[in-house]
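A.B. asks: Please read through the structure below; I'll follow up with questions.
The values are calculated or read from the model by the stated rules, or taken from the named source; none is laboratory data. Here the structure is a predicted model, which is why all the values come from computation and not from measurement. Here the Cβ positions follow ideal geometry from the backbone for every residue, glycine too, while neighbour counts run over all protein chains shown. Heavy atoms of the whole protein, side chains included, go into the accessibility calculation; ligands, DNA and RNA do not. Shrake-Rupley method; radii C 1.70, N 1.55, O 1.52, S 1.80 Å.
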Amino acid sequence: MNSSKISIIIVDDNREFCSVLNDCLSNQGDIIVTGIANDGVEGLKLIEKKKPNLVILDIIMPHIDGIGVIEELNSMNLNPMPKIIVL
């Protein structure tokens, strides 16, 4: 992973939206999408593993919703904590 690029993880249960957003972000020279998760549980695992700069997070998802993901992230003591955009 190139540290000069902004690393992003997309967490959304709408696979078509994830694909469109990934395509759009991948065309930006200073952004790299390091992962896509389709539910909150998968998203938490991916965030812990990849440690992105930014998480684009859906609020309504199966298993754990966006609020639950944020609450869990706060208890994980990630350093640094990623910025989060909630949709």
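A.B. asks: Six or more apart or on different chains, Cβ under 8 Å: which pairs go from a residue in the range 1-30 that's closer than 21 Å to P82 by Cα to one that's open to solvent by 60 Å² or more (accessible area, probe 1.4 Å) and part of a helix (DSSP H, G or I)? Could you list them?
C.D. replies: S7/K50; I9/K50; V11/E42
Yes or no, residue by residue, for (1) free of Cβ contacts under 8 Å to residues at least 12 places away in the same chain; (2) within 27 Å of S4 (Cα to Cα); (3) open to solvent by less than 60 Å² (accessible area, probe 1.4 Å):
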position: G35; (1), (2), (3): no, yes, yes
position: E48; (1), (2), (3): no, yes, no
position: K51; (1), (2), (3): no, yes, no
position: L54; (1), (2), (3): no, yes, yes
position: L57; (1), (2), (3): no, yes, yes
position: E72; (1), (2), (3): no, no, no
